[in-house]
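The values are calculated or read from the model by the stated rules, or taken from the named source; none is laboratory data. Just so we're clear, the structure is a prediction, and the values are computed from it rather than from any experiment. Methodologically, a virtual Cβ is constructed for each residue, glycine included, from the backbone with ideal geometry; neighbour enumeration extends over all protein chains shown.
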Amino acid sequence: MAQTRKFISQPRCIYTGKRLDPSDEELKPSHEHIIPLSLGGSNQFTTDDVSLKANNKAGDEIDDAVASTLPFLMLRHRYKLPGNRKVIPSLTMKGDFIDINAPAEMSISAQGDIEFEFRNEQKTSGKIISLGSTEERVRFFLKARLEQAQQRKLHLYTQFGEVTDEEDIEIALLLANRNEGREFKARATIDVAALNEARARLMVKIALGLGHRVLGPEWTFGPGGMMLRSHLFPGTKDLNFGHLKGTINADIPELLSHIFGLDDNRHVMAVLPAGKQTFALISLFGGQIGNAIVDLGYDSRRKFNRAINKDERLDCAFSIPLNVSGSRPLVTRSVQELANTADFNNLLPKSRAEAERFLR
């Protein structure tokens, strides 16, 4: 009689391996999006097998670390992806107005509104204050200074005379140098090493959720899943079953791109066997920020063979469209549907004999 594997049969957190406990505030199950909503995830592509503490930790250290970077922010703006907080952060870039020699920061909202915040807008030399900013900002400063002067019964002067009311402010603005700053040169600084590390951790996190959904807890809490977990949170103590294998910048052959439907306007994820190995394909935004291939460290031939030979549905590929309004649906495809799409072109077997040759 086969023995029950208690470690696997008990409900556990897929990110930490710890047993879930509804009575414990930190270890109680929580609702986790396999792909964060802020990056275009779907409410249909989730798992409840994550502890609340690990969920929050992954959100802070992994999801937010990626979603706030410039390349991902640009994609969030393009596809209007607000995330759980219902807000899409503005794109900000530091630079200089060349024509007035003024450093500033440009902010672009998700609606396309552009604002500038000048640094060193006010320069003081004795009782003389120099203002270098846009007309609206100078107007704001002068009104505030006028109010202060009136309260203290002092005088406010510009190079064009005394300012006693808002009309004087408008006159001063008309007579002032109208070169408001029409040539802005921005600088975008990206720490490529930090970005790649953040992307890699995100792909490991997604691969864990993806493998758990397709292969089940036997993989999740076996050597393959534990190997991925040991690379999820740096510094955590976990059994290390070897080095993680894969890449976050894979070149996907045209045939595979066609079969899986890789496109800029959707996310595509899949779990497939390749001989004795099993890999996860993760293509976010159609590969605009790289396609990931992650070795799951697992021999899934038995699982895929059974599905093919007995014609049992095994969902192993998923896609999420991005250019839709409202909740994004999850499109699920089985191994048989992938085989049909591939027209059995040596990618997936259509008979038991071919399956044995392919999976040997």
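Give, as residue ranges, the helices (runs of 4 or more DSSP H) completely inside region 9-94 that count at least 1 residues that are within 30 Å of Phe116 (Cα to Cα), without any contact (Cβ under 8 Å) to a residue 40 or more places away in the chain and more than 12 Å from the chain's Cα centre (by Cα).
By residue number, 70-79.
Give Ser283, Ser325 a once-over and let me know the one that is within 18 Å of the chain's Cα centre (by Cα), among the polar types (S, T, N, Q) and either exposed (fewer than 15 other Cβ atoms within 10 Å of the Cβ) or in the same structural domain as Arg201 (by TED's automatic domain parsing) (or both).
So the residue among Ser283, Ser325 that is within 18 Å of the chain's Cα centre (by Cα), among the polar types (S, T, N, Q) and either exposed (fewer than 15 other Cβ atoms within 10 Å of the Cβ) or in the same structural domain as Arg201 (by TED's automatic domain parsing) (or both) is Ser283.
Quick check on my filter: what residues within region 269-289 are more than 14 Å from Trp219 (Cα to Cα) and in contact with a Cys (Cβ under 9 Å, 6 or more places away or on another chain)?
Selection gives Ala270 alone.
Report the residue count in region 316-350 for those that are among the small types (Gly, Ala, Ser) and at pLDDT below 50.
The total comes to 0.
Scan region 233-242 and tell me whether some residue there is assigned to a loop (DSSP other than H, G, I, E, B), modelled with pLDDT under 90, assigned by TED's automatic domain parsing to the domain that holds Pro217 and surrounded by 18 or more Cβ atoms within 10 Å (Cβ to Cβ).
Yes, region 233-242 contains a residue that is assigned to a loop (DSSP other than H, G, I, E, B), modelled with pLDDT under 90, assigned by TED's automatic domain parsing to the domain that holds Pro217 and surrounded by 18 or more Cβ atoms within 10 Å (Cβ to Cβ).
Only one residue in Ala54, Ala65 is over 28 Å from Asp263 (Cβ atoms) and crowded, with 16+ Cβ neighbours inside 10 Å, so which one is that? Step through it out loud before you land on a result.
Numbers: Ala65 fails: over 28 Å from Asp263 (Cβ atoms).
Residue meeting the stated conditions: Ala54.
Hey, Asp264 hits all of (1) more than 21 Å from the chain's Cα centre (by Cα); (2) surrounded by fewer than 16 Cβ atoms within 10 Å (Cβ to Cβ); (3) modelled with pLDDT of 90 or more but one; which does it fall short on?
(1)
Quick check on Lys310: is it modelled with pLDDT under 85, farther than 22 Å from Ile252 by Cα and surrounded by fewer than 18 Cβ atoms within 10 Å (Cβ to Cβ)?
Criteria not met by Lys310.
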